[in-house]
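Taken together, the values in this text are just the output of simple stated rules run on the coordinates, not laboratory data. Remember, predicted model here, so these are calculated numbers, not experimental data. Every residue, glycine among them, receives a Cβ derived from its backbone with ideal geometry; neighbour counts consider all protein chains shown.
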Amino acid sequence: KAGVTQTPRYLIKTRGQQVTLSCSPISGHRSVSWYQQTPGQGLQFLFEYFSETQRNKGNFPGRFSGRQFSNSRSEMNVSTLELGDSALYLCASGLAGPNTGELFFGEGSRLTVL
Amino acid sequence: SQQGEEDPQALSIQEGENATMNCSYKTSINNLQWYRQNSGRGLVHLILIRSNEREKHSGRLRVTLDTSKKSSSLLITASRAADTASYFCATVDAGGTSYGKLTFGQGTILTVHP
């Protein structure tokens with residue numbers, strides 16, 4: 001069974017640009033969540049999706065957005081990039097239902113903003 | 001935002017020794033999970049303990065949970081060099097509204113010397 005796939009793995013952008021990151025969950029998983037990891041702030045929750053609906057959103061500005069498609073694949077978008085957006089962005093998938101159980105993480109998309 | 005603190009922030013031991021990491025959290029939880037991360041890669045789920053459980057074992061791992069103190073500990077017995085990684089605790093809020101939202105601690109960097 002294939003794991004969680006994130007693309008692209010690495011990308012470099014300049015300030016003011018926008019970026020779209022993609023996540024394909026494990027087959028059969030309907031929950032997808034996104035996290036930002038930086039040396040200073042650690043692992044921070046961005047948002048979670050279940051059945052194409054955003055269920056929770058973390059404390060991030062509106063420049064950060066996401067969506068989930070009917071096949072459970074998810075994308076997140078960051079507009080008007082700032083230097084502080086440089087981070088490892090991790091996607092995770094899980095089985096259906098509330099009360100999060102074990103999550104399966106992808107290898108991440110490492111974004112560098114110059 | 002981070003749920004709480006993990007200590008120690010870094011732990012260095014010899015192969016064969018036991019490693020103990022502690023985690024504190026702030027809110028009422030449904031469950032607490034431990035994850036491992038190798039060198040900025042994706043996270044790997046290790047073990048999950050529910051709020052009504054006090055102790056759980058999985059192979060060389062032993063997790064305890066004290067909800068009155070809002071704390072947990074992870075014990076890795078007979079450590080190996082391959083256990084070298086960062087270890088994170090993560091909590092799921094009580095209330096049944098989380099589908100993929102984890103609140104992570106700051107993590108403990110474990111180094112096991114051969």
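A few notes on this one:
- Note: the protein assembly as shown, Cα convex hull, 119 Å³ per residue.
- When B:Y87, A:Y35 are arranged by Cβ crowding within 10 Å, least crowded first, meaning fewest neighbours, the order is B:Y87, A:Y35.
- For region A:8-58, the Cα gyration tensor yields ellipsoid semi-axes of 22, 15, 12 Å (square root of five times each eigenvalue, largest first, whole Å).
- Each residue in A:T20, A:T80 was given a count of other beta-carbon atoms within 10 angstrom of its own, and listing them fewest first yields A:T80, A:T20.
- Built amide H within the under 5 Å cut-off of B:R41, gap 5+: none
- For chain B, a Kirkwood hydrodynamic radius built from all Cα pairs, placed in the Stokes-Einstein relation at 10 °C and 1.306 mPa s, yields a translational diffusion coefficient of 113 µm²/s.
- Think of the protein assembly as shown as having a plus end and a minus end, set by charges on the Cβ of Lys, Arg, Asp and Glu; of B:G96, A:Q37, B:H45, B:G96 sits farthest toward the positive end of this dipole.
- Applying the Karplus relation 6.51 cos²θ - 1.76 cosθ + 1.60 with θ = phi - 60° to region B:28-45 yields 3J(HN,Hα) values of 6, 10, 8, 7, 10, 10, 10, 10, 10, 9, 9, 6, x, 9, x, 8, 10, 5 Hz, where x marks Gly and Pro.
- Taking amide H atoms as placed 1.01 Å from N in the peptide plane, the amide H of B:T97 lies under 5 Å from those of A:N99, each 5 or more residues away in sequence or on another chain.
- Gaussian network model of chain B, springs between alpha carbon atoms under 10 Å - residue of B:Y99, B:Y35, B:Y25 with greatest fluctuation: B:Y99
- Exposure proxy order (Cβ contacts within 10 Å, fewest to most) of B:L65, A:L95, A:L88: A:L95, A:L88, B:L65
- Using the Karplus relation 6.51 cos²θ - 1.76 cosθ + 1.60 with θ = phi - 60°, the per-residue 3J(HN,Hα) values for region A:29-36 come to 7, 10, 9, 10, 10, 10, 9, 10 Hz, with x marking Gly and Pro.
- Dipole orientation for chain B: of the candidates B:I76, B:N30, B:H57, B:N30 has the Cα lying most toward the positive pole (charges on Cβ; Lys, Arg +1; Asp, Glu -1).
- Restricting the calculation to Cα atoms, every distinct pair contributes to the Kirkwood radius of region A:9-114, found to be 13.8 Å.
- GNM flexibility winner over chain B from B:T20, B:T67, B:T97 (Cα, springs under 10 Å): B:T97
- Relative to its Kirkwood radius, the Cα radius of gyration of region A:53-106 gives an Rg/Rh of 0.97.
- Here A:T80 and B:E55 are evaluated by their C-beta separation; at R0 = 45 Å the FRET efficiency comes out at 0.40.
- A Cβ-based charge dipole, computed about the Cα centre of the protein assembly as shown with Lys and Arg at +1 and Asp and Glu at -1, lands at about 440 debye.
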